[in-house]
Amino acid sequence: MNNFKALLKNLDKVILIVAVLLAAISIVIIASANYANGLISRDVIVQTAAYILGTIAVCIMMTRNYNIFRGLEKYLYILSLILLLSVYIPGLGVEQFSARSWINLGFTTIQPSELVKILFILIMAGYLDEHKDDLYNFKGLIKAGIVAAPIIVIVLKEDLGSALVFAAIWVVMIFFAGVRIGVFAKFFALVMAAVPVAYVFMADYQRERIEAFLHPENLNLSGNYQVWQSKVAIGSGGFFGKGLFRGTQKELDFIPVQTSDFVFSVIGEETGLIGGMAVIGLFTILLVRMAGIVRDAIDFHGALIVAGAIGMFMFQIFENIAMTIGLMPVTGITLPFISYGGSSILSNVIVLGLVLNVGMRSKSINF
């Protein structure tokens with residue numbers, strides 16, 4: 001117990017403060033987006049509950065060393081595949097937003113791919129820690145790709161956005177593990193050669209979103225009208241915004257999926273450039289502090305876990321914000337810690353808990 005109390009002194013207080021601020025912003029913005037249904041809407045309750053459950057899970061996890069997952073990668077891999085394939089079980093898997101990516105628990109639905117992100121980071125951390133020397137040659141990189149491919153392909157079938165997040169996690173982790181640029185360039189060329197084949201097998205709505213991004217001037221293409229409305233909302237916010245609970249584009253439902261995919265549009269309209277930059281600033285602080293934990297990690301396994309978390313958060317932050325202003329295709333990726341979604345919040349909080357776990361065990365303990 002004394003040992004654990006000493007470890008708690010090593011917790012990164014800055015990360016904790018940033019996480020609390022992002023959670024508070026999330027609750028306020030979701031309350032604003034659902035203000036027509038009352039100040040305390042169902043979405044606010046669900047989001048708050050997800051944060052509470054995530055915090056409890058992290059507190060329990062903190063009492064155990066993150067290295068307890070070493071050697072369990074095969075079991076985590078099997079669990080990941082079971083979770084991802086569970087959406088195809090009749091009566092359990094349900095379709096939402098044109099994708100069969102959720103399972104129905106009766107009282108709520110969860111998105112398995114969000115939970116598998118946690119397992120994927122642990123799986124790749126274990127594999128790369130053991131096989132990092134293999135990444136100096138093309139064959140070794142192919143093997144690392146084969147390990148990740150089944151999970152990414154299963155996710156890709158229903159959710160292009162989530163598949164891209166998994167790919168981003170993998171890329172950041174293999175680069176941190178020491179892959180050579182020349183070796184990766186060959187692998188990247190191989191992947192690019194397979195893109196036309198993958199495009200043929202994509203769902204219609206996925207191809208439509210890519211076409212929409214390539215032809216932003218055509219508002220009849222899926223997603224372009226929504227992006228246009230998002231840019232109008234952000235632009236109308238000006239420098240200081242219209243004020244919380246006063247967004248007109250939001251209130252008239254011009255902003256699509258405004259509690260989730262386009263939540264940054266609500267932030268831009270109601271808090272303006274100042275509010276949007278403040279949120280980006282908080283994310284920047286979070287990523288910089290996480291990079292510091294990578295630098296100070298006591299072992300390579302822990303550093304890999306944090307590197308995977310950085311890849312996950314960094315790509316989601318960039319893609320979500322860029323999507324709302326038309327710089328990236330609409331993929332349905334949530335804004336970490338802010339977008340509505342119980343599965344997403346649980347995943348984000350638990351991954352952040354892993355980061356803190358590595359950080360607090362990377363410094364000397366003074367009794």
- line: With all protein chains present, the chain has a carbon and sulfur share of its accessible area (1.4 Å probe) in percent of 69 percent
task: Show me 262-272, 294-304 ranked by packing, highest mean number of other Cβ atoms within 10 Å first.
output: 262-272, 294-304
field: L354 accessible area, assembled protein chains, probe 1.4 Å, Å²
entry: 0 Å²
- prompt: Which Cα, out of S80, V197, N220, lies furthest along the positive dipole direction of the chain (beta carbon charges, K/R +1, D/E -1)?
  reply: S80
Global form of the chain, assessed from the alpha-carbon gyration tensor, a/c cut-off 1.5: oblate
message: Need one number: nm distance between label points at D253 and M277, each 7 Å from Cα along Cα→Cβ, rounded to one decimal.
response: 3.5 nm
- request: Take the alpha carbon gyration tensor of region 217-292, find the square roots of its eigenvalues, order them as a ≥ b ≥ c, and report rounded if a/c is under 1.5; if not, report prolate when a/b exceeds b/c, else oblate.
  value: oblate
- prompt: What list of ³J(HN,Hα) couplings, whole Hz, do you get for region 218-235 from phi and the Karplus terms 6.51, -1.76, 1.60, once you set θ to phi - 60° and write x for glycine and proline?
  reply: 8, 6, 7, 7, 4, x, 5, 5, 5, 5, 4, 5, 4, 5, 4, 4, 5, x
field: Net lengthening on full extension, Y199/M61 (0.36 nm per residue, minus Cα-Cα)
entry: 45.7 nm
query: Which listed residue (T284, S265, M328) has the Cα farthest towards the positive end of the charge dipole for region 227-367, taking +1 on Lys and Arg C-beta and -1 on Asp and Glu C-beta about the Cα centre?
result: T284
message: At 0.36 nm per residue, and after removing the present C-alpha to C-alpha distance, how many nm does the segment from V153 to V232 gain when stretched out fully?
response: 24.9 nm
query: Could you give the dipole magnitude of the chain about its Cα centre, charging the beta-carbon of Lys and Arg +1 and that of Asp and Glu -1, in debye to the nearest 20?
result: 980 debye
query: Measuring with a 1.4 Å probe in the full set of protein chains, what accessible area per residue, in whole Å², belongs to region 1-93?
result: 57 Å²
- request: Along Cα→Cβ, 7 Å out, is where each label goes; now give me the distance between the ones at L21 and F188 in nm to one decimal.
  value: 3.3 nm
statement: Per the rule of 0.36 nm per residue minus the C-alpha distance, extending L72 to A49 adds in nm 5.3 nm
- request: Could you go through region 185-194 in sequence order and give the Karplus-derived ³J(HN,Hα) for each residue, using 6.51 cos²θ - 1.76 cosθ + 1.60 with θ = phi - 60°, rounded to whole Hz, and x for Gly and Pro?
  value: 4, 5, 5, 4, 4, 5, 5, 4, 5, 8
- line: Expected vector for region 244-261, Karplus 3J(HN,Hα) from phi with 6.51, -1.76, 1.60 and θ = phi - 60°, integer Hz, x for Gly and Pro, equals 4, 6, 10, x, 6, 4, 5, 5, 8, 6, 6, 7, x, 6, 6, 9, 10, 4
- prompt: Is the shape of region 1-123 best called rounded, prolate or oblate, per the rule: a/c under 1.5 gives rounded, else a/b larger than b/c gives prolate, else oblate, with a ≥ b ≥ c the square roots of the Cα gyration tensor eigenvalues?
  reply: oblate
- request: Report the relative contact order of the chain, percent, no decimals, based on alpha-carbon pairs under 8 angstrom and at least 6 residues apart.
  value: 28 percent
- request: Report, in debye and to the nearest 20, how large the dipole of region 182-267 comes out about its Cα centre when Lys and Arg carry +1 and Asp and Glu carry -1 on their Cβ.
  value: 280 debye
- line: Among Q96, A31, C59, the residue whose Cα sits farthest towards the positive end of the charge dipole of region 1-157 (+1 at Cβ of Lys and Arg, -1 at Cβ of Asp and Glu, taken about the Cα centre) is C59
- prompt: What distance in nm separates the simple spin-label points at Y88 and K5, each placed 7 Å from Cα in the Cβ direction?
  reply: 5.3 nm
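The values are calculated or read from the model by the stated rules, or taken from the named source; none is laboratory data. Not measured: the values here are computed from a predicted model. As a convention, Cβ positions derive from the backbone with ideal geometry for all residues, glycine included, and neighbour counts pool all protein chains shown. The accessibility values were calculated without ligands, DNA or RNA, using every heavy atom of the protein model including side chains. Shrake-Rupley method; radii C 1.70, N 1.55, O 1.52, S 1.80 Å.
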